[in-house]
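Bear in mind these aren't lab numbers, they're just calculated from the coordinates by the rules spelled out. Predicted model, so just to flag it, every value in this text is computed and none were measured. With ideal geometry, Cβ positions are generated from the backbone for all residues, glycine too; neighbour counts draw on all protein chains shown.
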Amino acid sequence: MDMSAITAYQAIYTGAVVADETDRGRLWMRGRDRAALLHRLSTNHIERLQPGQGTLTVLTTPIGRMIDLLRVYALPDALLLETGPEHGAPILRHLRKNIFFNDQVTVADAGAELGQIGVYGPQAGQVAQKLGLPSDLSRYSIVVGRWGEIEVLVARCDPLGGDGYTLYPPASQTAALLTALTAAGAVLLDRATAEIARVEHGYPRFGREITLDYIPLEADLWRAVSFQKGCYVGQEIIARMESRGRIAKQLRGLQLQAPPESLPAKVLADTKEIGDLTSVVNSPRYGWIGLAYLRSVYAEAGTTVLVANQPATVCRLPFVPNHSRDNTQ
């Protein structure tokens with residue numbers, strides 16, 4: 001890591017960082033039936049969301065496989081959806097093709113209207129407050145804040161390093177707001193360092209852990225699944241897996257001796273394939289680590305497996321510092 005990346009990495013855990021997240025898709029859903037449509041296509045209870053509330057939900061196939069993990073925020077006249085990186089257009093098409101002829105709902109791209117900035121770290125709230133933006137929010141809630149004369153949607157999201165906010169400013173003001181946040185004390189977070197933090201926290205990502213190969217419960221996305229709601233696409237498979245307590249694979253961390261040549265990489269044990277390594281990074285705290293889907297019988301922490309003919313150790317997620325080799329100070 002160069003010095004700027006090391007500074008950003010340290011700030012994740014001791015200060016605040018800001019990240020340009022405009023590569024993620026942003027969609028508007030409007031109309032009377034907007035919540036009903038997303039409710040029947042995804043895993044969580046969308047219809048009970050009140051304005052200002054949000055949640056995670058997974059779009060699934062009829063056999064329960066993951067299309068994408070969405071953040072959903074309810075506003076008085078719309079739902080704001082955040083998709084995986086570079087996945088807004090496919091999700092827009094997926095939603096539109098599932099609109100019935102009598103549904104009163106429209107789906108539109110919000111990317112030209114709204115930018116997106118992530119603010120993370122234990123001091124993320126203080127940085128937001130310096131710009132006059134609200135920070136006293138519950139997880140996945142959303143409010144309209146003001147930065148000077150400019151309205152900014154402010155949401156509390158999953159944390160990196162202790163806290164996390166997503167800001168949705170007017171697209172034309174994204175660069176200026178990023179500059180203001182760094183002037184307020186936040187460090188600019190590059191994508192490579194953000195990827196290290198993501199893997200350390202055990203968050204699945206679209207295109208890596210969130211693919212058509214896996215089911216939400218295998219990705220430990222229980223918080224994105226409601227078992228009390230009505231029918232939705234893929235419900236039968238997911239409900240059966242939960243009720244029987246039989247999860248074929250589980251997302252785990254791996255501590256590696258060296259990275260494989262390419263991803264995904266096969267994970268072996270007892271001379272047979274038992275899973276796939278889907279992400280790998282070189283962490284300043286933990287060395288080479290990765291995320292992998294492993295057969296449940298091999299998912300116990302401390303189990304030794306093989307990746308690229310090298311031994312690796314199974315870890316619970318998130319990775320924890322008491323097993324670290326922290327050399328960032």
* Asked: Among Asp163, Asp68, Asp136, which one moves the most in a GNM of the chain with springs linking Cα atoms closer than 10 Å?
  -> Asp136
* Structure fact -> Asserting the computed 222 nm helical MRE of the chain (DSSP H runs at least 4 long, -39500 (n - 2.57) per run, divided by residue count, to nearest 500) equals -6000 deg cm²/dmol
* In nm, to one decimal, how far is the modelled label at Ile99 from the one at His201, with both set 7 Å along Cα→Cβ? -> 3.3 nm
* Asked: What length, rounded to one decimal in nm, is gained on full extension from Lys272 through to Phe227, with 0.36 nm per residue of separation minus their alpha-carbon distance?
  -> 12.8 nm
* With springs only between Cα atoms under 10 Å, which of Gln173, Gln228, Gln255 fluctuates most in a Gaussian network model of the chain? -> Gln228
* Structure fact -> Neighbours of Val314 by Cβ distance under 10 Å: Lys/Arg at +1, Asp/Glu at -1, summed charge +1
* Which of these, Gly88, Gly161, Gly230, has the largest mean-square fluctuation under a Gaussian network model of the chain (Cα springs below 10 Å)? -> Gly230
* So how do Ser226, Ser4, Ser283 line up by other beta-carbon neighbours within 10 Å, fewest first? -> Ser4, Ser226, Ser283
* Structure fact -> With label points set 7 Å from each Cα along the Cα-to-Cβ direction at Ala175 and Ser296, the distance between them in nm comes to 5.2 nm
* Structure fact -> Checked against the positive end of the charge dipole of the chain (+1 on Cβ of Lys and Arg, -1 on Cβ of Asp and Glu, about the Cα centre), the farthest of Val152, Ile142, Val187 is Ile142
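What ranking do Lys97, Lys229, Lys249 get, fewest neighbouring Cβ atoms within 10 angstrom at the top?
Arranged by neighbour count, lowest to highest, Lys97, Lys229, Lys249 become Lys97, Lys229, Lys249.
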* To do: Enumerate the lysines that Lys272 could reach by cross-link, defined here as Cα to Cα under 25 Å, with residues fewer than 8 away along the same chain left out.
  => Lys249
* Taking other Cβ within 10 Å of each residue's Cβ, how do Thr22, Thr43, Thr60 sort, fewest first? -> Thr22, Thr60, Thr43
* Check Leu114: other-chain or 5+ apart residues with amide H under 5 Å from its amide H, H built from backbone geometry? -> Ala171
